[in-house]
1. Which condition does A203 not pass, out of (1) surrounded by fewer than 22 Cβ atoms within 10 Å (Cβ to Cβ); (2) in a helix (DSSP H, G or I), if it passes all the others?
2. From the residues in the stretch 219-259 that are more than 15 Å from the chain's Cα centre (by Cα) and closer than 24 Å to W196 by Cα, which one is surrounded by the most Cβ atoms within 10 Å (Cβ to Cβ)?
3. Taking the stretch 1-34 as the region of interest, how many residues are in contact with a Lys or Arg (Cβ under 9 Å, 6 or more places away or on another chain) and either without any contact (Cβ under 8 Å) to a residue 24 or more places away in the chain or of a type in the set (V, I, T) (or both)?
4. Among D176, D183, which is open to solvent by 80 Å² or more (accessible area, probe 1.4 Å) and modelled with pLDDT of 90 or more?
5. Just checking: which of the helices (runs of 4 or more DSSP H) contained wholly in the stretch 296-396 hold 2 or more residues that are under 30 Å from F50 (Cα atoms) and in contact with a His (Cβ under 7 Å, 6 or more places away or on another chain)?
6. Which one is nearest to Y253 (Cα to Cα), of the residues in the stretch 329-340 that are modelled with pLDDT of 80 or more and open to solvent by 30 Å² or more (accessible area, probe 1.4 Å)?
7. Within the stretch 22-78, take every residue that is among the small types (G, A, S) and not in a loop (DSSP other than H, G, I, E, B) and give me the one that is nearest to the chain's Cα centre (by Cα).
8. Looking at the structure I just gave you, is D278 in a loop (DSSP other than H, G, I, E, B) and acidic (D, E)?
Amino acid sequence: MSNVMDTLRERGFVKQTVYEEDLYKLLGSESVTFYIGFDPTADSLHIGHFLQLIAMKHMQDAGHRPIILIGGGTAMIGDPTGKTDMRKMMTRETIDYHVECFKKQMSKFISFEGDNGAIIVNNADWLTGLNYLQFIRDIGVHFSVNEMLRAKCFETRLERGLSFLEFNYMLMQGYDFLKLFKDYGCALELGGDDQWSNILAGANLIRVKEKKPAYAMTFTLLTTSEGKKMGKTEKGAVWLDETKTSPYEFYQYWRNTADADVEKCLKLLTFLPVPQIDALVAHRDERINAAKEVLAYELTKIVHGEDKAILAQNQARAAFGGGGELPEKDVHCENATIIQVLVAAGICASNGEARRLIQQGGVSLNDKKVTDINEPVNSGDTVHKGKKIHVKINLV
């Protein structure tokens, strides 16, 4: 396709745009500098960020130039979007560390070389030195409090009390867009649809102050068919850092995708051609499992590399009787019992959790359901937690 917006539409990315016809013409006629913002609230990217990176990759492959804006400055306030409580404020040192972690992970997906090579900027470089009075005179004058209070991004926080600190967030994000427009000719901001109010504010600010066109586009959020946000497990978020979410756990998360969500995930999160995806999901019976396996493999390959994707696939197949090798855990324990192994192998967080899981019938040893918390475990035994976690135990 000659226009990247056609690609994004076909794959289900585009949710809202402004001045859509003009933006479509622009994206089809010249290289456009665009940006996506990432708040460094943790030391790893997660699945929600991943969708944004895939969209950025589509844009870059079509010849457009990405700016990755790390919100080192806005993170010191905290985005109130969708939050019921004010976020805990982080120190500058913590934020700087998270920024470095993000840069390293993003380099796996986005090219930083060539005519449209990506650049990374940190809004702390300009926000932390602002003169507040001058900022309010130059920027604040263009924002209507009445319109801001109606913004979707403030809706949840207003129920519990929105601090003036957080109320500044929209102004800061709008100023980011203006700054990037002036410094880099950035004419388009992209982001998740929950950021629509903030993104639109920046585009409007440029049009008012600079009298020049600026554009906004948001993407569909990564949710299940039931409307729940994807990327959450019992342990928490699904991270891109393999020390937080192992390649096997990452693979298994996508292998267990609900039938109704497989097509959406394949189109949004992989680069497989749409006709191939359509063929994979043509049948919504047991054959959909093949599509789930493709989804899990492709995503694990993109994030962790082909070798680890193959290993995770083999381990998953072994766990479900399809051959291959199971993931293994070394347990430093002699004459081990099942409750000791569950905790030592990291399958359960505590003895109490392990005891409850056994009592509820959620643990099997090899092919036998465990009922005794003192059941002995031998080296080479396989411990099963429910239907998703299967680990071969090596007693060291």
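The values are calculated or read from the model by the stated rules, or taken from the named source; none is laboratory data. Since we're looking at a predicted model, the values are computed, not measured. A quick note on method: Cβ atoms are made from the backbone with ideal geometry, for glycine too, and the neighbour counts reach across all protein chains shown. For accessibility, only protein heavy atoms count, side chains too; no ligands or nucleic acids. Shrake-Rupley method; radii C 1.70, N 1.55, O 1.52, S 1.80 Å.
1. (1)
2. Among residues in the stretch 219-259 that are more than 15 Å from the chain's Cα centre (by Cα) and closer than 24 Å to W196 by Cα, the one surrounded by the most Cβ atoms within 10 Å (Cβ to Cβ) is S225.
3. Residues flagged as in contact with a Lys or Arg (Cβ under 9 Å, 6 or more places away or on another chain) and either without any contact (Cβ under 8 Å) to a residue 24 or more places away in the chain or of a type in the set (V, I, T) (or both) within the stretch 1-34 amount to 2.
4. D183 is the lone residue from the list that is open to solvent by 80 Å² or more (accessible area, probe 1.4 Å) and modelled with pLDDT of 90 or more.
5. none
6. K329
7. Out of the qualifying residues, it is G48.
8. no
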